[in-house]
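The values are calculated or read from the model by the stated rules, or taken from the named source; none is laboratory data. None of these values were measured; they are calculated from a predicted model. Here the Cβ positions follow ideal geometry from the backbone for every residue, glycine too, while neighbour counts run over all protein chains shown. The protein model used for the area step is the full one, side chains on, heavy atoms only, and it has no ligands, DNA or RNA in it. Shrake-Rupley method; radii C 1.70, N 1.55, O 1.52, S 1.80 Å.
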Amino acid sequence: MTHTLRKGYVPSPFGQLHYAECGRGEPVLMLHQTPRSWTEYLDVLPLVGAEHRAIAMDTLGFGASAKPEGPHSIERFADAADALIEALELDRFHLVGHHTGGVIAVELAARHQDRVASLLLSATSFVDEEKRRTAATRKPVDHVDPKPDGSHLQELWNRRRGFYQEGEEAALNRFMVDALTVLDRVEDGHEAVRRYVMDERLPRITARTLAVCAPGDHYSLPSLEKFAAALGCETRVLSGGHVPALEQLPEEFSKVVLEWVAGR
């Protein structure tokens, strides 16, 4: 069955990269937020995979992908994604990125003008000079110091608890697994976003672009207007949800993806 979830690894200059996929046909490559893994798209993959080859990779340094030493950057994340794109022979593909994944998608779309059929930026930060200038003053998002009594686990849980409604603990558990896997470098993706010189790359994007966001995600919601001004792109606000909107509204999010990929 095309809805069967398949997992695999591909080689890269940084080590092996892990991905999961579902379906057949025109590829849709999906990139997750920090410090998540492909499991952020767990419920989205089979829905998009019903019509396309839906692929969700673990960003370099996260999930089951290689964790090389040295500083991460959006460019290095994109270099690793390039290796996966080549290994899977994705000659032409659609891009979907959520939060950090959206920033990586911006870099990939700027690099692959002729290969990116469409671009969907979900809750993606618009990184301008002001955001880079104030990066050093930003509070850590997910950093916790390990404690002998394990109380840091509760602290980490509480840092994200407010994004999830009662009954969504399974998704929050998946966040915990992903964050604990990279606890020593849990902030690296956030820091890479804040350093990225996005404004120099946006003019190179030629793909049809849609910027979407959940109404509760006040971190990213203001970026919709900025992307619309910079790219002349369409924008859309989902019917609900917060930072983990992909897990809270997988059916709605998948419908948006499928309609955008189809040009509707």
| note | Of (1) out of contact with any strand residue (DSSP E or B) (no Cβ under 8 Å at 6 or more places or on another chain); (2) among the charged types (D, E, K, R); (3) assigned to a strand (DSSP E or B), Glu21 satisfies every one except (1)
| remark: Of the listed residues (Pro35, Pro13), the one being in a loop (DSSP other than H, G, I, E, B), at pLDDT 95 or above, of a type outside the set (Ser, Thr, Tyr) and under 16 Å from Ile85 (Cα atoms) is Pro13
| request: Would you list the strands (runs of 3 or more DSSP E) that sit entirely within the stretch 46-139 and hold 2 or more residues that are in contact with a Cys (Cβ under 9 Å, 6 or more places away or on another chain) and at pLDDT 95 or above? | output: 53-57, 116-122
| task | Consider Glu129 carefully, then state whether it is open to solvent by 40 Å² or more (accessible area, probe 1.4 Å) and within 19 Å of Ala229 (Cα to Cα). | result | yes
| said: Residues that are open to solvent by 50 Å² or more (accessible area, probe 1.4 Å) and either under 26 Å from Glu259 (Cβ atoms) or in contact with a Pro (Cβ under 9 Å, 6 or more places away or on another chain) (or both): list the helices (runs of 4 or more DSSP H) wholly contained in the stretch 153-249 that include at least 1 such residues. | reply: 169-181, 188-195, 223-231
| remark: (1) β-branched (Val, Ile, Thr); (2) open to solvent by less than 30 Å² (accessible area, probe 1.4 Å); (3) out of contact with any Ser or Thr (no Cβ under 8 Å at 6 or more places or on another chain) all hold for Thr137 apart from (2)
| query | Restricting the search to the stretch 36-70, which residues are open to solvent by 40 Å² or more (accessible area, probe 1.4 Å) and either touching a helix residue (DSSP H, G or I) at 6+ places or on another chain (Cβ under 7 Å) or over 19 Å from Leu108 (Cα atoms) (or both)? | reply | Leu42, Asp43, Pro46, Leu47, Ala50, Glu51, Ala64, Lys67, Glu69
| Does any residue of the stretch 2-17 turn out to be open to solvent by less than 10 Å² (accessible area, probe 1.4 Å), under 21 Å from Val257 (Cβ atoms) and touching a Ser or Thr at 6+ places or on another chain (Cβ under 8 Å)? | no
